[in-house]
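A.B. asks: Below is a structure I'd like to ask you about.
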Amino acid sequence: MTSPSGKTAVVSNKQGGSADDLKGSFDLSAFAGEKAAGTWTLTVQDTARQDTGTLKSWGLSITPKGEQPPPPPPASEDSDPMKHIEYLASDALQGRDSPSDGLSAASEYVKQLAQKYGLTGPNTHNPSDPFQQKFQVFSFANENAARGQAVWGEHGAHKEFGHEMFQEGFYLDENMPAETREVLTRKYEETMKASGQTLAPRSGPMTVDQLRQVSEAGPMAQNTMAMLQGTGPHKDEVIVVMAHLDHIGTGRDGKVNNGADDNASGSAVLMASIPELVEAQKRGELDRSVLFVWTGAEEKGLVGSQYFVDHPIPGLGLDKISGVVNMDMVGRWDDQRLSIVDTNSRGQANYFRDVVNQANQKLADPFDRLNQDINQYRDRQDGAVFTRKGEDVLFMFEGLSNPNGGGSLNPDYHQPTDDIDKIIRDNGGNKPRRVKDLMVNVIQLAANRQAPAA
């Protein structure tokens with residue numbers, strides 16, 4: 001139906017029948033606020049080719065109900081990453097430290113959007129809130145002694161992009177795999193050596209109890225996750241799409257590090273992709289499922305992502321994962337270039353290399369430059385925990401300062417100057433919007449990718 005102002009909406013899309021004089025009541029809320037006066041056009045299409053008969057006439061009577069509430073905001077607003085960056089990078093969230101009330105508020109914001117579009121919480125281990133996976137953040141009691149000035153600035157802000165696993169914090173629980181305890185044991189030994197203490201010989205990784213004895217416990221942090229169910233024969237497989245939701249909180253000088261680029265931008269791109277991917281699902285265009293994961297405590301050392309890998313969601317173990325896409329700092333610089341890592345731990349290209357090229361060409365305005373200039377960061381981002389497990393991982397990142405690849409890191413990295421106004425200054429907000437369009441194409445191609453021959 002088309003209103004006098006030219007607005008068009010589908011008011012019915014249902015199967016009919018063989019009886020004469022079909023009648024029904026239809027929802028016209030899409031036209032809320034439209035003036036009734038003028039010419040309304042009703043278009044009818046009969047797609048049931050097996051039916052026989054003659055359509056002689058049709059009509060529609062509209063009965064106004066008086067003043068109506070305004071319609072809900074259009075989905076296009078939720079599809080704009082800048083809307084979500086504005087909230088996630090606001091002073092009210094106090095830099096989204098892990099753990100903090102600001103990070104919890106960001107997690108709730110993500111959850112509400114996912115629920116709005118019908119996504120479900122997959123973590124049945126946490127029945128009170130299956131959208132969350134909670135873990136406690138610990139640190140070594142003498143950790144500060146191991147912090148080198150090449151990585152840490154004079155004010156204590158981490159200045160080298162990304163993190164090694166458990167670089168500034170970690171989780172502890174009785175179900176930790178031995179290989180994870182081994183990583184922690186080596187980290188502890190590094191802190192001991194840095195403070196000049198002697199190490200006792202060992203025959204294996206420290207036990208969880210031993211690690212607790214040399215650690216300081218902090219509050220609870222959380223991963224936030226949502227599932228968009230696939231509709232095809234491979235719906236039990238998942239494409240994991242992730243971004244870290246946390247940042248570094250408030251500095252020693254009291255200034256808020258809002259982290260608009262790091263990583264409100266990547267988190268917002270994930271959120272903005274939900275409406276479009278839900279529509280693709282409704283059209284039956286998502287074979288595999290899509291699991292969105294917004295990690296916590298990435299800034300402590302990939303803690304949330306490692307916890308996720310070590311504690312698989314029921315029914316969603318590594319054997320069910322068919323690819324991982326990680327987004328971090330995708331808001332800055334110009335909107336015609338993006339840096340990617342699409343290789344395994346041996347530097348060999350994975351299947352995402354072809355997928356990204358195809359996805360880029362599907363854009364109305366493809367990126368001019370997809371730079372492969374950040375391989376030195378491959379092991380310093382959340383996707384690395386999956387690469388080490390043999391998964392195919394795509395890492396999308398804004399890249400370094402040189403438009404053609406290479407150069408220096410963003411000077412606003414881990415600074416109070418990382419605000420949304422810098423994104424607007426650089427590209428008017430078009431960079432995260434274009435990254436979102438590219439990522440939607442990537443996810444659809446990956447979700448519908450033909451399974452490799454056995």
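The values are calculated or read from the model by the stated rules, or taken from the named source; none is laboratory data. These numbers come from a predicted model, not from an experiment. A quick note on method: Cβ atoms are made from the backbone with ideal geometry, for glycine too, and the neighbour counts reach across all protein chains shown. Ligands, DNA and RNA are excluded from the accessible area calculation, which covers all protein heavy atoms including side chains. Shrake-Rupley method; radii C 1.70, N 1.55, O 1.52, S 1.80 Å.
A.B. asks: Is there a residue in the stretch 294-309 that is part of a strand (DSSP E or B) and surrounded by fewer than 21 Cβ atoms within 10 Å (Cβ to Cβ)?
C.D. replies: So in the stretch 294-309, the residues part of a strand (DSSP E or B) come out as 294-295.
Restricting the remaining residues to those that are surrounded by fewer than 21 Cβ atoms within 10 Å (Cβ to Cβ) gives none.
No, that holds for no residue.
A.B. asks: Scan the stretch 254-293 for residues that are open to solvent by 10 Å² or more (accessible area, probe 1.4 Å), in contact with an Asp or Glu (Cβ under 9 Å, 6 or more places away or on another chain) and either of a type in the set (Lys, Arg) or within 28 Å of LEU318 (Cβ to Cβ) (or both) and jot them down.
C.D. replies: GLU276, GLU285, ASP287, listed by residue number.
A.B. asks: Another question, then. Counting only residues that are among the small types (Gly, Ala, Ser) and in contact with a helix residue (DSSP H, G or I) (Cβ under 8 Å, 6 or more places away or on another chain), which one in the stretch 77-99 is nearest to PRO416 (Cα to Cα)?
C.D. replies: GLY95
A.B. asks: To continue, here is another question. Checking LEU445 against (1) surrounded by fewer than 21 Cβ atoms within 10 Å (Cβ to Cβ); (2) assigned to a loop (DSSP other than H, G, I, E, B); (3) modelled with pLDDT of 95 or more, only one condition comes out false. Which one?
C.D. replies: (2)
A.B. asks: Hey, any hits in the stretch 236-251 for a residue that's without any contact (Cβ under 8 Å) to a residue 60 or more places away in the chain and either within 16 Å of LEU316 (Cα to Cα) or not aliphatic (A, V, I, L, M) (or both)?
C.D. replies: Restricting attention to the stretch 236-251, the residues satisfying the condition of being without any contact (Cβ under 8 Å) to a residue 60 or more places away in the chain are none.
The answer is no; no qualifying residue exists.
A.B. asks: When you scan the stretch 314-337, how many residues do you find that are of a type in the set (A, V, I, L, M) and more than 17 Å from the chain's Cα centre (by Cα)? Explain how you work it out, then say what you get.
C.D. replies: Residues of the stretch 314-337 that are of a type in the set (A, V, I, L, M), as a first pass: 316, 318, 321, 324-325, 327, 329-330.
In the following step, the residues that additionally are more than 17 Å from the chain's Cα centre (by Cα) were identified as 316, 318.
Summing the residues that are of a type in the set (A, V, I, L, M) and more than 17 Å from the chain's Cα centre (by Cα) in the stretch 314-337 gives 2.
A.B. asks: Return the residues of the stretch 264-290 that are in contact with a Leu (Cβ under 7 Å, 6 or more places away or on another chain) and part of a helix (DSSP H, G or I); say none if nothing qualifies.
C.D. replies: ALA264, SER267, ALA268, MET271, ILE274, LEU277, VAL278, ALA280, GLN281
A.B. asks: Which pairs turn up if I take residues in the stretch 198-220 that are open to solvent by 80 Å² or more (accessible area, probe 1.4 Å) and look for partners that are of a type in the set (Lys, Arg) with beta carbon separation below 7 Å, at least 6 apart in sequence or on another chain?
C.D. replies: MET220/LYS134
A.B. asks: Further, regarding this structure: TRP333 passes all but one of (1) outside any helix (DSSP H, G or I); (2) of a type outside the set (S, T, N, Q); (3) open to solvent by less than 30 Å² (accessible area, probe 1.4 Å); which number fails?
C.D. replies: (3)
A.B. asks: Just for the stretch 73-87: of the residues that are touching an Asp or Glu at 6+ places or on another chain (Cβ under 9 Å) and open to solvent by less than 70 Å² (accessible area, probe 1.4 Å), which one is modelled with the lowest pLDDT? Reasoning before the result, please.
C.D. replies: Pass one, the stretch 73-87, residues touching an Asp or Glu at 6+ places or on another chain (Cβ under 9 Å): 75, 79, 83-85.
Narrowing the set further to residues that are open to solvent by less than 70 Å² (accessible area, probe 1.4 Å) leaves 75, 79, 84-85.
Details: ALA75: 60, SER79: 97, HIS84: 98, ILE85: 98.
Step by step, filter the stretch 73-87, then rank; the result is ALA75.
A.B. asks: Mind checking whether some residue in the stretch 355-375 is open to solvent by less than 10 Å² (accessible area, probe 1.4 Å), free of Cβ contacts under 8 Å to residues at least 40 places away in the same chain, hydrophobic (A, V, I, L, M, F, W, C) and assigned to a loop (DSSP other than H, G, I, E, B)?
C.D. replies: Checked the stretch 355-375: at least one residue is open to solvent by less than 10 Å² (accessible area, probe 1.4 Å), free of Cβ contacts under 8 Å to residues at least 40 places away in the same chain, hydrophobic (A, V, I, L, M, F, W, C) and assigned to a loop (DSSP other than H, G, I, E, B).
A.B. asks: Please verify whether HIS125 is closer than 30 Å to LEU277 by Cα, modelled with pLDDT under 95 and not in a helix (DSSP H, G or I), treating the condition exactly as stated. Talk me through it step by step, then tell me what you get.
C.D. replies: On the way: closer than 30 Å to LEU277 by Cα: yes; modelled with pLDDT under 95: yes; not in a helix (DSSP H, G or I): yes.
Yes; evaluated as a whole, the condition is true for this residue.
A.B. asks: Here is a follow-up. Search the stretch 98-116 for residues that are over 23 Å from SER139 (Cβ atoms) and pair each with any residue that is open to solvent by less than 30 Å² (accessible area, probe 1.4 Å) and among the small types (Gly, Ala, Ser) when their beta-carbon atoms are under 6 Å apart and the residues are at least 6 apart or on different chains.
C.D. replies: ALA114/ALA226
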